[in-house]
Structure formats: structure tokens, C-alpha cells
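Have a look at the structure below, then the notes.
The values are calculated or read from the model by the stated rules, or taken from the named source; none is laboratory data. Nothing here was measured: the structure is a model prediction, and the numbers come from that model. Here the Cβ positions follow ideal geometry from the backbone for every residue, glycine too, while neighbour counts run over all protein chains shown. All accessible areas refer to the heavy atoms of the entire protein, side chains included, with ligands and DNA or RNA removed. Shrake-Rupley method; radii C 1.70, N 1.55, O 1.52, S 1.80 Å.
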Amino acid sequence: MMFSVTVAILVCLIGYIYRSFKPPPPRICGHPNGPPVTSPRIKLNDGRYLAYRESGVDRDNANYKIIVVHGFNSSKDTEFSIPKDVIEELGIYFVFYDRAGYGESDPHPSRTVKSEAYDIQELADKLKIGPKFYVLGISLGAYSVYSCLKYIPHRLAGAVLMVPFVNYWWTKVPQEKLSKALELMPKKDQWTFKVAHYVPWLLYWWLTQKLFPSSSMITGNNALCSDKDLVVIKKKMENPRPGLEKVRQQGDHECLHRDMIAGFATWEFDPTELENPFAEGEGSVHVWQGMEDRIIPYEINRYISEKLPWIKYHEVLGYGHLLNAEEEKCKDIIKALLVN
């Protein structure tokens, strides 16, 4: 009798552990029991769909075509506050898209830093944007821009990395710099990044368990926000942008967790090893870093820019992480990329 009870308890315990570690199946848009498809989408060669949103001047009449890559816990409806008169004056066409698993784009269980570049290239080809285009990546979305610089530099007319993501396990950036930068983050975020890097199969459990605090960014903790960021957040709460409810509708694991796993994985290259895609001066690459940013360590982005002098590095005093919500700064960013 005692043996049977012990076996039953063990079976229940194993079942509980298995369920705790195993993410739920995604709620794929357009599938039975999944959210509806409400946005235009293109079909990729591997069968996945990417949802997108166009803005600015008409695609066929544009002087400049820019693909905007949203950051963590965001979507194609991300904010990029550039005045309409600047868009019309310069003739800019923007296409924003949901990265894999976000919004209405299909999940990509095998997503990597490398796959991000080819998603962007296929999006450009399916929309017939042309042989060359600009890419602008925000925060975690900047690793997609690094990917483009590495794998499809011949397709780029220029690139911007806004408050760009830092991987604390890059191999060519001095380890003491990376370790010092990581130690500035709250302990719970340090542990989350380490889980994503060292034991990614455990990340779903780590981010859903209730025993220990895990991620400031997912829980919406404002401890990492600068004073300017807090003002932006207050305005957003008073006037929320449409589409926010769709960001994570296919499941947190398919967007947030897989995004972190890809970003914090061991990369096939280090940013400091990148080659200048515009050696003849026909384009430019820019990094914009808010100096009050408490999420992204400016020391690392400054170091990378010093190692790659062809990157035009801009430090923005008095601003934090949410540069994409600051109209004056967005105007400066676009004009530096397209005009200067």
C-alpha cells in the first residue's frame, strides 16, 4: 500500500514538473482557437507569415524606404514619433512588421539572430521595396540590425541602432566590461539573462514560477526607467496606442521568451568583428544611446563604436531608453541617416 502511494506521488510530481517546464502550445493567428488575422501579411519561404504595417508616403514614389524593427514586448504598432512634414519633405516610406511570434506574425521555434536578417530580406522582397533599403532597430530589435550588417550588408542603404541591445556574452568585448555592466542590472534581471543564455530550455519555467522574482521588463517594473521615460510612460497610459492587446496574444513564450533566448544565445559573430558595409561612403550606420538609459549600458555601445570607427555614435544627454517616443530625437535620427 505504501509503495503504491509513493509511486502515485512520484508520478504526480513528475507530471507537475513536466507541465511546469513545458510551454503551452501557441495560439497561432488564423488557426482554430487562435486570434483572427486583421493585418496584411506576407508568406515567407518556410511557410510562416509576417504581419506588417506601412506608413509615410506611397511606396512606389518614396525617396527612402525604411524597415523599422520593434523592440522587446512590442509590435509593428510601436511608436516612432517623426513629424509628418519631415516624412513628406524627404519622401519617406516606412514599413513596420511584427517579429516572429509577436502580434500577428507566426512563431518561429528555431529563431536565431541569423534568421532575423533573412526575415527582413524576404519582407523587403515580397513587398518589392527594391534592391537596397534602410533598417532601423529599436532596443532588443537592434540585434536584427546587427544581423543585417553581418548577413545581408549588400541589401542595406543605411542602418540605425536605437538604444541597442547588449549581449553580455559577446566574445570580443572585454569580459570585465560586460560583467561590470551586467552587475548594474537588478539581481532578478541578471538571473533571467543568465537562464536565457546558459539553460534556455528552463526560461519558460523561470519566467512563470512564483517562487522568485524574474524580469523587470516583463512585469512592467519602472525601477529601470529614467525621469523622461516615466513621463513617456504616463502619457502612454493616458492615451494607449491601438494594438497593444495584440502584442503577446499568441503566447508569451512565442514572443518574449524566444526573443530573449535568441538575443542572449552564443552568436556566430561579435559586433566588433563587423566590416564596414559602406566603405565607399554610399551609406552610414548610426548608434543612438540615451545617457540616462538604465536598461542598456552605454559603456558597451560606446566601446563597440570605438572599435568600429565607421559607426557614427551619438550620445543623447538627458534622455533614457524610450527615444523612439521623443519626436525631436526621432527627427534628428532620421535626418542624420538620410541627409547628413
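Against the list (1) assigned to a helix (DSSP H, G or I); (2) under 26 Å from Asp293 (Cα atoms); (3) open to solvent by 20 Å² or more (accessible area, probe 1.4 Å); (4) in contact with a helix residue (DSSP H, G or I) (Cβ under 7 Å, 6 or more places away or on another chain), the condition Leu202 fails is (2).
Among the residues making up segment 274-292, those that are within 30 Å of Pro107 (Cα to Cα) and either in contact with a Ser or Thr (Cβ under 6 Å, 6 or more places away or on another chain) or open to solvent by 10 Å² or more (accessible area, probe 1.4 Å) (or both) are Leu274, Val287, Trp288.
When segment 172-198 is limited to residues that are in contact with a helix residue (DSSP H, G or I) (Cβ under 9 Å, 6 or more places away or on another chain) and of a type in the set (S, T, N, Q), the one that is surrounded by the most Cβ atoms within 10 Å (Cβ to Cβ) turns out to be Thr192.
Does at least one position in segment 241-261 carry a residue that is β-branched (Val, Ile, Thr) and not in a helix (DSSP H, G or I)?
Residues of segment 241-261 that are β-branched (Val, Ile, Thr), as a first pass: 247, 261.
Of the ones still in play, those that are also not in a helix (DSSP H, G or I) are 247.
Yes, segment 241-261 contains at least one residue that is β-branched (Val, Ile, Thr) and not in a helix (DSSP H, G or I).
Going through segment 279-310 one residue at a time, which ones are hydrophobic (A, V, I, L, M, F, W, C) and within 20 Å of the chain's Cα centre (by Cα)?
Within segment 279-310, the subset hydrophobic (A, V, I, L, M, F, W, C) is 279, 285, 287-288, 291, 295-296, 300, 304, 308, 310.
Within segment 279-310, Val285, Val287, Trp288, Met291, Ile295, Ile296, Ile300, Ile304 qualify.
Pro23 satisfies every condition listed in (1) open to solvent by less than 60 Å² (accessible area, probe 1.4 Å); (2) touching a helix residue (DSSP H, G or I) at 6+ places or on another chain (Cβ under 8 Å); (3) at pLDDT 95 or above; (4) not hydroxyl-bearing (Ser, Thr, Tyr) except (3). Selection of first residues in segment 226-250 that are of a type outside the set (Lys, Arg) and of second residues that are in a helix (DSSP H, G or I), restricted to Cβ pairs under 6 Å at least 6 apart or on distinct chains, gives the following pairs, ordered by first then second residue: Val232/Ala325. Filter segment 73-87 down to residues that are among the β-branched types (Val, Ile, Thr) and either free of Cβ contacts under 8 Å to residues at least 60 places away in the same chain or buried (at least 20 other Cβ atoms within 10 Å of the Cβ) (or both) and give me whichever is nearest to Gly243 (Cα to Cα). Going through the qualifying residues, I end up with Thr78. Contact map, segment 269-294: residues that are in contact (Cβ under 8 Å) with a residue 24 or more places away in the chain and farther than 22 Å from Glu315 by Cβ paired with residues that are among the basic types (Lys, Arg) and surrounded by 17 or more Cβ atoms within 10 Å (Cβ to Cβ), Cβ distance under 7 Å, separation 6+ or inter-chain. Pairs shown: Phe269/Lys150. Kindly indicate whether any position in segment 83-93 is within 13 Å of the chain's Cα centre (by Cα) and farther than 13 Å from Arg41 by Cβ. No - not one qualifying residue is present in segment 83-93.
The residue pairs whose first member lies in segment 165-178 and is over 14 Å from Glu273 (Cβ atoms), whose second member is surrounded by fewer than 18 Cβ atoms within 10 Å (Cβ to Cβ) and of a type in the set (S, T, N, Q), and whose beta carbons are closer than 8 Å, counting only pairs six or more residues apart or on different chains, are Tyr168/Ser179; Trp169/Thr266.
Please specify each residue of segment 234-255 satisfying the condition of being touching a helix residue (DSSP H, G or I) at 6+ places or on another chain (Cβ under 8 Å) and open to solvent by less than 60 Å² (accessible area, probe 1.4 Å). Val247, Asp252, His253 - these are the residues of segment 234-255 that are touching a helix residue (DSSP H, G or I) at 6+ places or on another chain (Cβ under 8 Å) and open to solvent by less than 60 Å² (accessible area, probe 1.4 Å). Per the listing Val113, Val163, Val173, the residue uniquely farther than 20 Å from Ser74 by Cα and of a type in the set (A, V, I, L, M) is Val173.
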